[in-house]
1. Under the Karplus relation 6.51 cos²θ - 1.76 cosθ + 1.60, θ = phi - 60°, what is the ordered set of whole-Hz ³J(HN,Hα) values for the stretch 12-22, x standing for Gly and Pro?
2. For mean projected area of the Cα convex hull in nm², one of (i) 7.1; (ii) 8.4; (iii) 13.7 was computed from the structure I shared and the rest are decoys. Which label?
3. On a full-extension model of 0.36 nm per residue, what is the gain between residue 32 and residue 105, subtracting their alpha-carbon distance, rounded to one decimal in nm?
4. Expressed as a whole percentage, what fraction of the accessible surface of the chain belongs to carbon and sulfur atoms when a 1.4 Å probe is rolled over the protein heavy atoms?
5. Between residue 23 and residue 93, what is the label-to-label distance in nm when each label sits 7 Å out along the Cα-to-Cβ direction?
6. Hey, what did the chain get for relative contact order, percent, Cα under 8 Å, at least 6 apart?
7. Quick one: compute the contact order of the stretch 66-126, relative version, from alpha carbon pairs under 8 angstrom and 6+ residues apart, as a percent.
8. Amide H to amide H under 5 Å from residue 65: which residues, 5+ apart in sequence or cross-chain, H placed 1.01 Å off N in plane?
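The values are calculated or read from the model by the stated rules, or taken from the named source; none is laboratory data. If you're wondering where the values come from, they're calculated on a predicted model, not measured in any experiment. Quick reminder, even Gly has a Cβ in these numbers, built from the backbone with ideal geometry, and neighbours come from all protein chains shown. Note: accessible area is taken over every heavy atom of the protein model, side chains too, but ligands, DNA and RNA are not part of it. Shrake-Rupley method; radii C 1.70, N 1.55, O 1.52, S 1.80 Å.
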Amino acid sequence: KSGATGAPGANRAERLRAWNRLDWELYSHAKRRFWERAESFGMERLGREVARLRQRRERLARECLRGGGPVPGGEIPDGMLRPFQPPGGAGKVLGFALRSDLQPEQRERCARLATPELQYKDLLERRQ
């Protein structure tokens, strides 16, 4: 159908822009603040910190994860680490399977890092 301007879909586009305006303003503000803070922190220093973080993440993935990276949710034997699979998604949401040779303390630490958001939320709620 035509909108007030006569262009097909114009009214719908205007409504979508209005609906998403607050989200866009929040995103724009957060992006602006991030880059202000990044400049203040120092771009070279930020680059070094990002590199360190990536190295640590890779080391932890090698230490904790079977295969060193994400796997399809259906291949994760531990139900507490299996991510939610929406209906019709055919198990495409990836998650993390822990190595089977981890010591108990190491397994607990690795599981905390690999726990999907819904299970982690449930864990936090229980602790509260």
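1. Values per residue, Gly and Pro as x: 5, 4, 5, 5, 5, 4, 5, 4, 8, 4, 4 Hz.
2. (iii)
3. Taking residue 32 through residue 105 to full extension adds about 22.1 nm, to one decimal.
4. Accessible surface attributable to carbon and sulfur in the chain totals 55 percent.
5. My value for the distance between the label points is 1.8 nm.
6. Once divided by the residue count of the chain, the mean separation gives 16 percent.
7. Once normalised by length, the contact order is 35 percent.
8. Distant-sequence amide H within range of residue 65: 99.
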